[in-house]
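Here the structure is laid out as structure tokens; the discussion comes afterwards.
The values are calculated or read from the model by the stated rules, or taken from the named source; none is laboratory data. Remember, predicted model here, so these are calculated numbers, not experimental data. All Cβ positions, even for glycine, are placed from backbone atoms using ideal geometry, and neighbour counts span all protein chains on display. Calculation scope for accessible area: heavy atoms of the full protein, side chains included, ligands and nucleic acids excluded. Shrake-Rupley method; radii C 1.70, N 1.55, O 1.52, S 1.80 Å.
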There are 2 protein chains.
Amino acid sequence: MTKIDYKKILEEIKPSKSEINKVKSLSNKLISIINQITIDENINAETVLVGSVAKNTWLGKADIDLFIKFPLNTSPDYLKEKGLHLGYKCIKKMNGKYECRYASHPYITGLIDGHEIDFVPCYNIKHPKELKSAVDRTIPHTKYVKKNLNHQQADEVILLKQFMKSIGTYGSEFKVGGFAGYLCELLILHYNSFEQVLESASTEWKPGYHIDLIEYDNSPLFNEPLVVIDPVDKNRNVAAAVSLQKMSEFVAASRNYLKKPSTLYFYFKDVTAHLNSIKKEFTKRGTKTLLLSFKTPDVPIDALYPQIRKTEKSIVNLMERKGFKIFGSDSWSDEKKLVIILLEFSIWKLPKIKKHYGPQLWFKDDQEKYLKKYKDKAWIEGDRWVAAVEREYPEVESLLEVSLTDIKIGYLRFGKHVKNEILKEHKLTDLMELLESNKYNNLVLTFLHTYLNKSEILWR
Amino acid sequence: MTKIDYKKILEEIKPSKSEINKVKSLSNKLISIINQITIDENINAETVLVGSVAKNTWLGKADIDLFIKFPLNTSPDYLKEKGLHLGYKCIKKMNGKYECRYASHPYITGLIDGHEIDFVPCYNIKHPKELKSAVDRTIPHTKYVKKNLNHQQADEVILLKQFMKSIGTYGSEFKVGGFAGYLCELLILHYNSFEQVLESASTEWKPGYHIDLIEYDNSPLFNEPLVVIDPVDKNRNVAAAVSLQKMSEFVAASRNYLKKPSTLYFYFKDVTAHLNSIKKEFTKRGTKTLLLSFKTPDVPIDALYPQIRKTEKSIVNLMERKGFKIFGSDSWSDEKKLVIILLEFSIWKLPKIKKHYGPQLWFKDDQEKYLKKYKDKAWIEGDRWVAAVEREYPEVESLLEVSLTDIKIGYLRFGKHVKNEILKEHKLTDLMELLESNKYNNLVLTFLHTYLNKSEILWR
């Protein structure tokens, strides 16, 4: 065991007693308000506190999650209407601000006393088979953790979450593809302590590793890199969102921590991007880097990142298919105005001709067709016809410009909203020219720095 | 059947009656001289005429092959000594010039009355099992063809050989990797006529095709592209030397001929190399072409070509292994002074860094070792460590120079004699610079033209 003073760290990162009391009493007050309205308006619903506040495992500013349970036979329309109505009335009563949001499921969010409160209508299920929407699982999840996680373990969860955050592997949303809060709780329930999670990850985890708290013995069902079977639903892998990349990063950071423990792992690393070192590094590499930038489309964050990634991946595939070579790529958005896709090329220029492989000579009809077209330029390699034909795009810029402008050509697969923004307007900039021009902001510099120093935050 | 006047072609390409008589009487005279010497010197040997002269299937200037058969129990030293001695004495008697040669087997060659005469000592075998050297098969081959090939068919062999020559697929020696004379004879014995050979090649041949005149039913033994089982030795594939390339070229030319027959197929194609069109073509391609030239090593032709090819192939492999890309390569020698290996690159320059892939993260010990070396530059891709490391050779020229000079580095596999010549002296020239400099001869231009127009001679 390490000699880190976890108590001291917890004192710094855990919410204070008074903060906890404040959050708890606010939650209770909100619940009693909604319950009063349901009585007044004769609505058959019950409101419960769920999520990290209910489980005492939150970090930083508390987000309060209130789930409004309706009976299973409620119609979806009624559930949605009354659920949003109850949230709305409650926020109004507290003089808060509100906003309606749609995930896979509609809900209303209020800002009250500086806290974000989600009011989520859901069904009151007794068994996973009754599940109507992903949110219906939240209540059983909360119940399971509250019943099994003791106070000491709740602190261990906080340590694990904080560690995950500072090394960049926390969060199951698409932007991260890492470990959800509930997953961290299950890991502590399974391993008992923060250090034991890291110990097992360091030495035992590998793709296909599975954790099965209830011994459902159901793991062959899943083929994600990490499998943690949901104690309340044996057909669900709680770690399904964890990418191989994030699993690997967590393992690497765990090893680093155990080898040389430091309290610094519980605080964000101060990553400073320096223009000169970025310029120097890209110059030293001798690669060519282009930045494709366009306006952030107006879609929820969880829809934005998959669309950007899909576009990035599709561009990379196209470039490689056409004979160029990508050294690396990345994407970034300020989530408001700007999206950038970075493409670093190790091969960005090709000769004006390429080989066009034809049929094997033994297929006589195919040969005839091929030679009709290419006879003057064709020769035999082994038993295959080959011809030297003009290369349509000898430089990446022209290929990119065409594929981003002429959608009909069908070179790229975009996300729908990203596509529309790119078609409206986009810019293709040579990185070195951008850096010389001083027309960039610090966020872009930080993005470039992070691209060049990918594993920096896995170490302290 | 085509309307080509084969009789007229044969009149032009076949040796004249007087030439035939001259060659036959010279052969007989040589045999009687040797027989007289064997009697005089009490040597137990018998001399026979073999090869295309014996079979009446020769083309152009006749090469006379005389085989001196010794009993099976003769010692190899005696056979060699007396064999060469008999040849030598015979040449002397005829006032010819002589030269000793070594293939897999020593023999003596004389130049008499303008004819090249080979005197080859061999064993008098009755059965393939008694075979001591490849030359021992020649006598049974000659016997088989003489016994089975009629006059009409001998003419068909001459047409086939001439066709093969003019399209560049004739000759089983390493330089060509094509069809030997004996193979052409067997093809005619099997198919009966020149046109029927082409007909079958055009429509039926494909890799693995086999011809089995005696129905030995032995073809599964062989895995060469074309299998023609030797009537006098069922364990031998007469077409073993035929490369997939030459088999394909013959098929392609056969189709071309049958589609549009022309007497031009029986004459060498006039291939003229023009400096300007060569320059223009290479410029249009936008590739980079280097010529590696060195002195022809003093080895027999059949040893020279495999060594050159091996070196060429090894250079191509090295370049591709190091990230460059070869569009095409070729090699050529005047067989006296100069060897040229041509390398045409589609990628000849790379960034100053490259990715160095390390172990999968799950192998902890390997990770430790890797990170000790690369920590500062390493990141994770999926579950694998990767680092950006300096590329030793970002340009083909430096890589080539090192691999051709510093043999210890072991980058290349040369033929032994070629290696020695390259180590002694070699030149690496940019093709465009060479063409601008006018320091090249017409043979080199022809080589370049042929490289650019590989299948030109398959058409008329």
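Check residue B:348 against each of (1) open to solvent by 50 Å² or more (accessible area, probe 1.4 Å); (2) at the interface with another protein chain (Cβ under 10 Å from one of its Cβ atoms); (3) within 18 Å of residue B:386 (Cβ to Cβ) and name the one condition it does not meet.
For residue B:348, the exception is condition (3).
Provide a single number: the residues in the range B:122-147 that are without any contact (Cβ under 8 Å) to a residue 60 or more places away in the chain, more than 13 Å from residue B:230 (Cβ to Cβ) and not in a loop (DSSP other than H, G, I, E, B).
5
With respect to residue B:7, is the statement that it is open to solvent by 90 Å² or more (accessible area, probe 1.4 Å), at pLDDT below 90 and out of contact with any strand residue (DSSP E or B) (no Cβ under 8 Å at 6 or more places or on another chain) true?
So residue B:7 does not fit the description; no.
Of the residues in the range B:367-388, how many are of a type outside the set (D, E, K, R) and in contact (Cβ under 8 Å) with a residue 24 or more places away in the chain?
Number of matching residues: 4.
So which residues in the range A:372-388 are more than 8 Å from chain B (Cβ to nearest Cβ) and open to solvent by less than 20 Å² (accessible area, probe 1.4 Å)?
Passing the criteria: A:385, A:386, A:387.
Can you tell me which of A:266, A:282, A:250 is of a type outside the set (Ser, Thr, Tyr) and within 19 Å of the chain's Cα centre (by Cα)?
Going through A:266, A:282, A:250 in turn, the sole match is A:250.
Counting just the residues of the range A:351-366 that are farther than 26 Å from residue A:318 by Cα and either of a type in the set (D, E, K, R) or facing chain B (nearest Cβ under 8 Å) (or both), which one comes out surrounded by the most Cβ atoms within 10 Å (Cβ to Cβ)?
Let us first name the residues in the range A:351-366 that are farther than 26 Å from residue A:318 by Cα, namely A:360-366.
Retained after the next criterion (residues that are either of a type in the set (D, E, K, R) or facing chain B (nearest Cβ under 8 Å) (or both)): A:361-362, A:364-366.
Numbers: A:361: 24, A:362: 17, A:364: 12, A:365: 8, A:366: 14.
The selected residue is A:361.
Which ones in the range B:61-75 are in a loop (DSSP other than H, G, I, E, B) and either outside the structural domain of residue B:21 (by TED's automatic domain parsing) or under 29 Å from the mean Cα position of the chain (by Cα) (or both)?
Step one: filter the range B:61-75 for residues in a loop (DSSP other than H, G, I, E, B), giving B:61-63, B:71-75.
Those that are in a loop (DSSP other than H, G, I, E, B) and either outside the structural domain of residue B:21 (by TED's automatic domain parsing) or under 29 Å from the mean Cα position of the chain (by Cα) (or both): B:61, B:62, B:63.
Any residue at all in the range A:99-108 that is open to solvent by less than 30 Å² (accessible area, probe 1.4 Å) and assigned to a strand (DSSP E or B)? I'd like the intermediate steps shown before the answer.
We begin by selecting, within the range A:99-108, every residue open to solvent by less than 30 Å² (accessible area, probe 1.4 Å); these are A:105-106, A:108.
From what is left, the residues that are assigned to a strand (DSSP E or B) are A:106, A:108.
Yes, the conditions are met somewhere in the range A:99-108.
Would you check which residues across the range A:40-73 are among the hydroxyl-bearing types (Ser, Thr, Tyr) and open to solvent by less than 20 Å² (accessible area, probe 1.4 Å) and list them?
Within the range A:40-73, A:47, A:57 qualify.
What number of residues within the range A:438-460 satisfy the criterion of being small (Gly, Ala, Ser) and more than 14 Å from residue A:330 (Cβ to Cβ)?
Counting residues in the range A:438-460 that are small (Gly, Ala, Ser) and more than 14 Å from residue A:330 (Cβ to Cβ) gives 0.
Looking at the structure I just gave you, is residue B:78 of a type in the set (Phe, Trp, Tyr) and not in a strand (DSSP E or B)?
Considered against the rule, which asks whether it is of a type in the set (Phe, Trp, Tyr) and not in a strand (DSSP E or B), residue B:78 comes out as yes.
For the range A:196-233, give me each residue that is away from chain B (no Cβ under 14 Å) and touching a residue at least 60 places away in the same chain (Cβ under 8 Å).
Of everything in the range A:196-233, those that are away from chain B (no Cβ under 14 Å) and touching a residue at least 60 places away in the same chain (Cβ under 8 Å) turn out to be A:230, A:231, A:232, A:233.
Mind counting the residues in the range B:415-460 that are hydrophobic (A, V, I, L, M, F, W, C) and either open to solvent by 30 Å² or more (accessible area, probe 1.4 Å) or within 14 Å of chain A (Cβ to nearest Cβ) (or both)?
Final tally of qualifying residues: 9.
With the requirement that a residue be open to solvent by less than 70 Å² (accessible area, probe 1.4 Å), free of Cβ contacts under 8 Å to residues at least 12 places away in the same chain and on the phi < 0 side of the Ramachandran plot, what does the range A:389-414 give you?
A:398, A:402, A:406, A:409
What do you reckon, is residue A:284 within 14 Å of another protein chain (Cβ to nearest Cβ) and open to solvent by 40 Å² or more (accessible area, probe 1.4 Å)?
Values: within 14 Å of another protein chain (Cβ to nearest Cβ): yes; open to solvent by 40 Å² or more (accessible area, probe 1.4 Å): yes.
Yes: the conditions hold for residue A:284.
Looking only at the range B:272-281, count every residue that is more than 14 Å from every other protein chain (Cβ to nearest Cβ) and exposed (fewer than 15 other Cβ atoms within 10 Å of the Cβ) and tell me the total.
Total satisfying the criteria: 4.
Scan B:328, B:358 and give me the residue that is among the small types (Gly, Ala, Ser) and assigned by TED's automatic domain parsing to the domain that holds residue B:377.
The unique qualifying residue is B:358.
Within the range B:28-39, is there a residue that is over 27 Å from residue B:180 (Cβ atoms), β-branched (Val, Ile, Thr), open to solvent by 50 Å² or more (accessible area, probe 1.4 Å) and not assigned by TED's automatic domain parsing to the domain that holds residue B:170?
Looking for residues that are over 27 Å from residue B:180 (Cβ atoms), β-branched (Val, Ile, Thr), open to solvent by 50 Å² or more (accessible area, probe 1.4 Å) and not assigned by TED's automatic domain parsing to the domain that holds residue B:170, one finds at least one in the range B:28-39, hence yes.
Looking at B:390, B:397, B:433 in this structure, which one is over 30 Å from residue A:452 (Cβ atoms) and among the charged types (D, E, K, R)?
Answer to the selection: B:433.
Is it the case that the range A:295-318 has a residue that's under 18 Å from residue A:427 (Cα atoms), more than 14 Å from chain B (Cβ to nearest Cβ) and hydrophobic (A, V, I, L, M, F, W, C)?
Yes.
Restricting to the range B:391-403, name every residue that is part of a strand (DSSP E or B) and modelled with pLDDT under 95. Before the answer, list the steps.
Filtering the range B:391-403 down to residues part of a strand (DSSP E or B) leaves B:395.
Once the filter is applied, which keeps residues that are part of a strand (DSSP E or B) and modelled with pLDDT under 95, the range B:391-403 yields nothing.
Is it fair to say residue B:43 is out of contact with any Cys (no Cβ under 7 Å at 6 or more places or on another chain), more than 15 Å from residue B:109 (Cα to Cα) and assigned to a helix (DSSP H, G or I)?
Taking the combined requirement at face value, the residue does not satisfy it.
Identify, from the list B:335, B:344, the residue that is on the phi > 0 side of the Ramachandran plot, in contact (Cβ under 8 Å) with a residue 12 or more places away in the chain and in the same structural domain as residue B:431 (by TED's automatic domain parsing).
Going through B:335, B:344 in turn, just one is on the phi > 0 side of the Ramachandran plot, in contact (Cβ under 8 Å) with a residue 12 or more places away in the chain and in the same structural domain as residue B:431 (by TED's automatic domain parsing): B:335.
Of all residues in the range B:82-132, how many are among the hydrophobic types (A, V, I, L, M, F, W, C), under 29 Å from residue B:304 (Cβ atoms) and more than 29 Å from the chain's Cα centre (by Cα)?
Total satisfying the criteria: 1.
Condition first: closer than 30 Å to residue B:216 by Cα and of a type in the set (Val, Ile, Thr). Now tell me which residues in the range B:234-287 satisfy that.
B:238, B:242, B:251, listed by residue number.
Take residue A:84 and decide whether it is surrounded by 16 or more Cβ atoms within 10 Å (Cβ to Cβ) and over 25 Å from residue A:163 (Cα atoms).
Yes; evaluated as a whole, the condition is true for this residue.
Just a yes or no: is a residue in the range B:306-313 among the acidic types (Asp, Glu), buried (at least 19 other Cβ atoms within 10 Å of the Cβ) and in contact (Cβ under 8 Å) with a residue 24 or more places away in the chain?
The answer is yes, given that some residue of the range B:306-313 is among the acidic types (Asp, Glu), buried (at least 19 other Cβ atoms within 10 Å of the Cβ) and in contact (Cβ under 8 Å) with a residue 24 or more places away in the chain.
For the condition touching a Leu at 6+ places or on another chain (Cβ under 8 Å) and without any contact (Cβ under 8 Å) to a residue 12 or more places away in the chain, what is the one hit in B:254, B:248?
Within the list B:254, B:248, the selection yields B:248.
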